[in-house]
Amino acid sequence: MRRFAKIAVALAIGLGLMGVATFGQGPPPPPPNGPGQPFRTLNPGELARWRNGQNVFVTPVNIPQGLGPVFNQAACAQCHGGGPPGAPPSPPGSSSPILTTRFGRIVNGQFDPMNAFGGPTLQTQGIGKFGSVNFVGETVPKQATIVAQRRTTPLFGLGLVDAVPDNALIGLSAHQHATFPQFAGVVSLTVDPDNGAERVGRFGWKAQDPTLFVFSGDALVNEMGVTNPIFPIENCPQGNCALLAANPARSNPNQPSDLQIYQLNDFLTFNAPPPTVPLNPTSQAGQTLFNLIGCAVCHQPSLQAGPSPSASINGVVFFPYSDFLLHDMGSLGDGITQGTATGTLMRTAPLWGLRFETTFLHDGRATTVDQAIKAHAGQGATAAHNYATLNATQKAQLLAFLNSI
């Protein structure tokens, strides 16, 4: 334990993380009744935009509005906000135990997303019969050799993440490589489909989306089948594009989804971070352990937003507990390649609001935080090993801290 602890402490000091995880900075927390609230400091116009976006988020899309022809759910909140059966409703934007499926295969040593078979995202529902075509949900093709589950993620505080400059994440990666390369993360380099510029990705399990606007459009087309200005091409059911000739046209020639993507972006932008719990002696001890055993290496406590037209976001220091970089997680990877994120590379999941989640890790395999920490592999293996050496009191302290952020 001592050898690993010394490495972790030196690493934390080298990255400037010791003592960073303090509270009382950044925007005021939302009301104490839980996440899912707008920033308290929004002006009236921004608050109206948040409310309009929330309405779009929770309202199912119908077929004339562009649902399908294949899709997973008809409303964002049906995945981001659904709790376990019988549990009280979760606020729109919450994490959920609902899983979606990605698939693919390796061909000549390279990942094949199997677009010709409807991949890499599986859409499990169809809009039914139109003309001679009965649109039904897709199935994983027998040719697929890689099948991965993805848990839906919480969507709180993402406007702050969106405002972090690319150079800040690039600099963070460079600093990690210069200090302790064995734990260093890499940026996800993506092309912004909105303007063709190279950007640093930060949203999604593979950090495949560079902005909230792109993230919104990606979800609309791949999870709901709703085309939009960023992603104007329909998904071909099971890869059969000829079937799209029978896809019913929207009744509104102005395409409501063109407005929806902007409203969804407003809702996500102005959603406040989850509320924190004041530290007590137990969670303060856990905070020290969090740094000591190496968790803070990847789960970077604080970042700073860059310039923003919203005073609630502009230059704010916030505490997501993630570096939003890709780390090699070894056997914990999902095998899927998206952009520069290969099969073992996964984005560091933010830890803020952890106490509001019911399942953990990208595929929901862990039902407790303890299980999630123990499952860390690859670049997370050292921290997992250090955690395993803690005694019961120390583990309880660490978990108390995690339940406060």
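The values are calculated or read from the model by the stated rules, or taken from the named source; none is laboratory data. All figures in this text were calculated on a predicted structure; none of them were measured in a lab. Positions of Cβ are backbone-derived with ideal geometry, glycine not excepted, and every protein chain shown enters the neighbour counts.
Filter the stretch 216-239 for residues that are touching a residue at least 40 places away in the same chain (Cβ under 8 Å) and part of a loop (DSSP other than H, G, I, E, B); which is farthest from the chain's Cα centre (by Cα)? Don't jump to the end; show me each part of the working.
As a first pass, look at the stretch 216-239 and keep what is touching a residue at least 40 places away in the same chain (Cβ under 8 Å): 216-217, 219-220, 222-227, 234-239.
Filter once more, keeping what is part of a loop (DSSP other than H, G, I, E, B): 224-227, 234-236.
Working: Met224: 17, Gly225: 20, Val226: 20, Thr227: 21, Glu234: 23, Asn235: 22, Cys236: 25 Å.
Here the answer is Cys236.
Can you tell me which condition Gly201 does not meet? The list is (1) touching a residue at least 60 places away in the same chain (Cβ under 8 Å); (2) more than 16 Å from Gly339 (Cα to Cα); (3) among the small types (Gly, Ala, Ser), and all the others hold.
(2)
Tally time: how many residues in the stretch 350-405 are within 24 Å of Ala272 (Cβ to Cβ) and either of a type in the set (A, V, I, L, M) or not in a helix (DSSP H, G or I) (or both)?
The initial filter retains those residues of the stretch 350-405 that are within 24 Å of Ala272 (Cβ to Cβ), namely 350-360, 369, 400-405.
In the following step, the residues that additionally are either of a type in the set (A, V, I, L, M) or not in a helix (DSSP H, G or I) (or both) were identified as 350-354, 357-360, 369, 400, 402-405.
Here the count works out to 15.
Among the numbered criteria (1) of a type outside the set (Ser, Thr, Tyr); (2) closer than 24 Å to Thr342 by Cα; (3) within 15 Å of the chain's Cα centre (by Cα), which single criterion is violated by Gln182?
The one condition Gln182 does not meet is (3).
Given the condition within 30 Å of Pro69 (Cβ to Cβ), outside any strand (DSSP E or B), modelled with pLDDT of 95 or more and small (Gly, Ala, Ser), answer yes or no: does some residue in the stretch 197-215 qualify? Step through it out loud before you land on a result.
Here is the first cut: in the stretch 197-215, the ones within 30 Å of Pro69 (Cβ to Cβ) are 201, 203-215.
Then drop every residue that is not outside any strand (DSSP E or B), which leaves 204-208, 210-215.
Next cut, modelled with pLDDT of 95 or more only: 204-208, 210-215.
Of the ones still in play, those that are also small (Gly, Ala, Ser) are 204, 207.
Scanning the stretch 197-215, I find at least one residue that is within 30 Å of Pro69 (Cβ to Cβ), outside any strand (DSSP E or B), modelled with pLDDT of 95 or more and small (Gly, Ala, Ser), so the answer is yes.
If you take the residues of the stretch 152-180 that are touching a helix residue (DSSP H, G or I) at 6+ places or on another chain (Cβ under 6 Å) and in a helix (DSSP H, G or I), which of them is farthest from Glu198 (Cα to Cα)?
Thr179
Among the candidates Gln379, Gln371, Gln394, Gln304, which residue alone is crowded, with 21+ Cβ neighbours inside 10 Å, of a type in the set (S, T, N, Q) and modelled with pLDDT of 95 or more? It would help to see each step written out before you state the result.
Values: Gln371 fails: crowded, with 21+ Cβ neighbours inside 10 Å; Gln394 fails: crowded, with 21+ Cβ neighbours inside 10 Å; Gln304 fails: crowded, with 21+ Cβ neighbours inside 10 Å.
None of the others qualify; the one that does is Gln379.
List the strands (runs of 3 or more DSSP E) that sit entirely inside the stretch 50-151 and contain at least 2 residues that are under 25 Å from Trp352 (Cβ atoms). So that I can check it myself, show each step before the final result.
Details: elements: 96-107, 110-112, 128-130, 133-135.
Where strands (runs of 3 or more DSSP E) fall fully within the stretch 50-151 and carry at least 2 residues being under 25 Å from Trp352 (Cβ atoms), they are 96-107.
Select from the stretch 315-336 the residues that are free of Cβ contacts under 8 Å to residues at least 60 places away in the same chain, in contact with a Pro (Cβ under 8 Å, 6 or more places away or on another chain) and on the phi < 0 side of the Ramachandran plot and list them in ascending order. Full working, then the answer.
Let us first name the residues in the stretch 315-336 that are free of Cβ contacts under 8 Å to residues at least 60 places away in the same chain, namely 315, 322, 328-333.
Those still in the list that are in contact with a Pro (Cβ under 8 Å, 6 or more places away or on another chain) too: 315, 322.
Scanning the stretch 315-336 gives a single hit, Ser322.
When Pro69 is evaluated against the numbered criteria (1) of a type outside the set (S, T, N, Q); (2) at pLDDT below 95; (3) more than 30 Å from Ala383 (Cα to Cα), which criterion, by number, is the only one it fails?
Of (1) of a type outside the set (S, T, N, Q); (2) at pLDDT below 95; (3) more than 30 Å from Ala383 (Cα to Cα), only one is false for Pro69: (2).
Does Val297 fit the bill of being closer than 23 Å to Phe156 by Cα, in a loop (DSSP other than H, G, I, E, B) and over 18 Å from the mean Cα position of the chain (by Cα)?
Details: closer than 23 Å to Phe156 by Cα: yes; in a loop (DSSP other than H, G, I, E, B): no; over 18 Å from the mean Cα position of the chain (by Cα): yes.
So Val297 fails the test.
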